[in-house]
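Worksheet for the structure shown next.
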Amino acid sequence: MHGQRKADHIRINLEEDVGFKNITAGFERYRFEHNALPELDLAAVDTTTEFFGKKLRAPLLISSMTGGTDEAGRINRRLAEAAQAQGVAMGVGSQRAALEDPALAASFAVRKYAPDILLFANLGAVQLNYGYGVDECRRAVDMIGADALILHFNALQEAVQPEGDTNFAGLLARVERVCAALDVPVIAKEVGWGFSAENVRRLVDAGIAAIDVAGAGGTSWSQVEMYRAPTERHRRVAAAFAEWGIPTAEAIVTARRVAPELPLIASGGLRSGVDVAKSIALGAHLGGMAGLFLRAAMRSAAAVSEEIAVVLSALRVAMFATGAGTISALREGSKLRRIGG
């Protein structure tokens with residue numbers, strides 16, 4: 001069942017319109033003040049940054065997408081080769097299938113293609129209520145030689161999935177135990193509806209080392225589930241949530257206000273290097289993108305690498321045109337204005 005679900009998710013993301021119809025990520029509500037006198041040499045603009053002590057050529061994450069099928073294995077290999085070539089971070093999709101069927105582990109094992117990258121393992125947080133514990137989390141990290149573990153929180157997706165795991169009761173205490181016991185940092189990641197201020201506070205108190213806000217405005221996983229719904233009732237219930245969630249820009253600002261020192265990843269509807277720049281200026285440390293790279297990965301690693309190069313070039317020009325010579329200057333001193341109210 002896992003394999004079919006993963007294959008469905010890839011196909012639906014590529015073939016159907018699974019974006020939000022009215023909610024946007026919110027980046028259009030912010031505008032950089034253009035600097036016609038940047039007093040910088042574009043060639044000297046420095047996009048390098050560090051995350052969890054690892055140096056990156058730019059603050060970009062190829063967000064978690066897939067794994068568990070042969071096609072997913074090919075996609076992950078191409079994403080990893082491109083991440084290695086461009087010096088950016090990468091997360092794999094949920095590894096639950098490979099923990100339950102070790103034959104599927106190869107589709108996630110990308111470290112041999114990307115020996116130097118910042119690499120994130122991934123499990124659904126709710127699995128901690130379904131028999132998973134510290135041991136399974138360790139196995140997911142060891143399976144791919146990861147630098148950190150993402151625990152993804154997808155309550156709404158599970159709720160509209162016919163086969164969803166929907167018991168989220170008492171989950172935070174189990175997350176806290178994993179954070180305390182694991183040797184690598186644990187990242188809390190939403191999957192496209194964002195974290196509220198109260199969520200961020202409670203996750204930080206539980207020992208989470210970083211948060212990926214993964215707000216609304218990119219892929220709507222309720223829409224994805226709508227397209228694979230087995231009955232008309234399931235389809236209609238999933239469709240009711242097409243405009244649900246906290247927009248990404250708002251989620252970044254909220255998380256930064258609640259936890260000023262917490263490492264933050266911004267994902268959900270980032271479309272360009274300018275959106276990455278806006279995310280950093282709003283307080284994120286990395287910008288995560290998925291859909292753009294998934295489509296490229298269907299072609300080749302070179303196609304993914306080219307998409308990353310376009311994003312990074314636009315980020316560099318955005319920094320130049322705002323007078324920010326470094327990532328820290330972009331985060332701390334950039335002239336980002338909210339438009340309207």
Subject >> Amide proton proximity set for residue 216, modelled H, under 5 Å, gap of 5+ >> reply: 194, 246, 248
Original post:
Once the Cα atoms of helix 134-144 and of the chain are each reduced to a long axis, what angle between those two axes, in degrees from 0 to 90 to the nearest 10, is obtained?
Top reply: 60
Original post:
Looking at the chain, how many pairs of lysines come closer than 27 Å at the Cα, when each pair is eight or more places apart or spans two chains?
Top reply: 15
**OP:** Go through 42-48, 164-170, 198-204 and give me the packing order, highest mean Cβ count within 10 Å leading.
**Re:** 198-204, 42-48, 164-170
**OP:** Determine Rg/Rh for the range 225-315; Rg is computed over alpha-carbon atoms and Rh is the Kirkwood hydrodynamic estimate from the same atoms.
**Re:** 1.09
**OP:** Would you please give the residues with an amide H less than 5 Å from that of residue 32, counting only those at least 5 places away or on a separate chain, with H modeled from the backbone geometry?
**Re:** 337
Subject >> Neighbourhood charge, 12 Å Cβ-Cβ cut-off, centred on residue 74 and excluding it, Lys, Arg +1 and Asp, Glu -1 >> reply: 0
**OP:** Just the number, please: Stokes-Einstein D of the range 75-200 in µm²/s, Kirkwood Rh from C-alpha pairs, 20 °C, 1.002 mPa s.
**Re:** 142
Subject >> Value in Å of the Kirkwood radius, where the chain supplies the Cα pairs that are averaged >> reply: 20.0
Original post:
Summing -39500 (n - 2.57) over the DSSP H runs of n ≥ 4 in the chain and dividing by its residue number, what mean residue ellipticity at 222 nm do you reach, to the nearest 500 deg cm²/dmol?
Top reply: -12500 deg cm²/dmol
Original post:
If contacts are Cα pairs under 8 angstrom and at least 6 residues apart, what is the relative contact order of the range 2-338 in percent?
Top reply: 23
Original post:
Using modelled amide H (1.01 Å from N, peptide plane; none on Pro or chain starts), what sits under 5 Å from the amide H of residue 191, excluding residues fewer than 5 places away?
Top reply: 153
Subject >> Acute angle (nearest 10 degrees) that the helix 301-322 long axis makes with the longest principal axis of the chain, alpha-carbon atoms >> reply: 40
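None of the figures in this text is laboratory data; all of them are computed from the coordinates on show. Small disclaimer: the values here were computed from a predicted structure and weren't measured. A quick note on method: Cβ atoms are made from the backbone with ideal geometry, for glycine too, and the neighbour counts reach across all protein chains shown.
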